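Derivation of every value follows stated rules applied to the coordinates shown; laboratory data play no part. Source: prediction; values computed, not measured. Neighbour counts run over all protein chains shown; Cβ positions are idealised from the backbone, glycine included.
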Amino acid sequence: MYFEELKKKLEIEIGQKLFRHSIGTMEEAEKLASVYGCDMSKAKIAGLLHDCGKGTCKDNLKHAKKSAEIARLKFGVKDKDIINAIMYHTTGRVNMTLLGKIIFIADKIEPNRHYEGVEEIRKEAYTNIDAAIIKSLESTIEYVKNRNMVLDMESVNTLNYLKEGK
């Protein structure tokens, strides 16, 4: 499926608000891929499709896995690196690929995101992607704890892994 066809199909599937976020994430991922020497085509596809299953998944913690499944089955994505980047874009994971890191942070810093500390994370993302991910995870974990929400331990594992400098 050609890229423009992917965009058209996705827009119909997910609605304007989520589509706008997906385009923002895709554009941010493309810029980051350019800076870090990652495959820009893969970054664009993963950024565009990272939330393609969000509308069909009631559990926000599970939407990334649902999105990876839909990207594979409905949008025909066969590349494992793209699928994994989509699957772990909310929590990160130990030993993420560069593409995984780019999609993780692009989702958190795309231009439609507005939260305390986002500007600092945006700047960091273009100079030290691991440090940006650490800041993002620390912020997310704090947010989740303060609201007594369910914390996915994959995020904690990812944070600890990156802090150890692996």
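Which pairs in the list 31/108; 31/78; 108/145 are over 21 Å apart, alpha-carbon to alpha-carbon?
In this structure, 31/78 exceed 21 Å between Cα atoms.
Cross-link partners of residue 54 among aspartates and glutamates, defined as those whose alpha carbon lies under 14 angstrom from its own and excluding same-chain residues fewer than eight positions apart: 11, 13, 69, 107. Close amide H contacts of residue 91 (hydrogens built in the peptide plane, cut-off under 5 Å, sequence separation of 5 or more or a different chain): none are found.
Which distance in Å, rounded to a whole number, links the C-alpha centroids of region 88-133 and region 1-79? The distance from the Cα centre of region 88-133 to that of region 1-79 comes to 16 Å. If one takes the longest principal axis of the Cα atoms in the chain, at what angle in degrees, from 0 to 90 and to the nearest 10, does the Cα axis of helix 40-49 lie? In the chain, helix 40-49 runs at an angle near 90 degrees to the longest axis. Taking all Cα pairs closer than 8 Å and separated by 6 or more residues, the relative contact order of the chain comes to 20 percent. Once backbone amide H atoms are built at 1.01 Å from N, residue 97 has no partners under 5 Å, excluding neighbours fewer than 5 places away on the same chain. Stretched out straight at 0.36 nm per residue, the stretch from residue 62 to residue 164 would grow longer than its current Cα-Cα span by 34.0 nm.
Identify which of 95, 146, 84 has the largest mean-square fluctuation in a Gaussian network model of the chain, with springs joining Cα atoms closer than 10 Å. Looking only at 95, 146, 84, the biggest GNM fluctuation is shown by 146.
A dipole drawn for the chain from +1 and -1 charges on Cβ atoms has a positive end, and of 96, 45, 111 the residue lying farthest that way is 45.
Given a Förster distance of 22 Å, report the FRET efficiency between residue 153 and residue 95 from their Cβ-Cβ distance, rounded to the nearest 0.05.
It comes out at approximately 0.90.
In the chain the longest region clear of chymotrypsin sites (Phe, Trp or Tyr not before Pro) that are loop-assigned by DSSP and have at most 15 other C-beta atoms within 10 Å covers 3-114.
Taking Cα centre as origin and charging only the Cβ of basic (Lys, Arg, +1) and acidic (Asp, Glu, -1) residues, the dipole magnitude of region 3-163 rounds to 420 debye. Derived scalar couplings between HN and Hα for region 121-138 equal 5, 4, 5, 4, 4, 8, 10, 8, 4, 5, 5, 5, 5, 4, 4, 5, 5, 4 Hz in order, rounded to whole Hz, by the Karplus curve 6.51 cos²θ - 1.76 cosθ + 1.60 (θ = phi - 60°), x for Gly and Pro.
Taking θ as phi - 60° and the Karplus parameters 6.51, -1.76 and 1.60, the scalar couplings of region 155-160 work out to 5, 5, 4, 5, 4, 4 Hz in sequence order, x denoting glycine and proline. Average 1/r across all pairs of distinct alpha carbons in region 1-115, invert it, and you get the Kirkwood radius: 13.5 Å.
A helix-only calculation puts the chain at -21000 deg cm²/dmol for mean residue ellipticity at 222 nm, using -39500 (n - 2.57) for each DSSP H run of at least four residues, averaged over all residues.
Could you work out which residue, out of 40, 26, 87, moves most in a Gaussian network model of the chain, that is, has the largest mean-square fluctuation with Cα springs under 10 Å? For the chain, modelled as a Gaussian network with Cα springs under 10 Å, the answer is 40. The label point for residue 126 and the one for residue 142, both projected 7 Å from the Cα toward the Cβ, are 2.4 nm apart.
Loop-located GluC sites (Glu not before Pro) in region 26-125 (DSSP state other than H, G, I, E, B) with a sparse environment of at most 15 neighbouring Cβ atoms within 10 Å: 116. Taking θ as phi - 60° and the Karplus parameters 6.51, -1.76 and 1.60, the scalar couplings of region 69-74 work out to 5, 5, 4, 6, 7, 8 Hz in sequence order, x denoting glycine and proline. Take the Cβ atoms of residue 115 and residue 78, set R0 to 25 Å, and the FRET efficiency comes out at 0.15.
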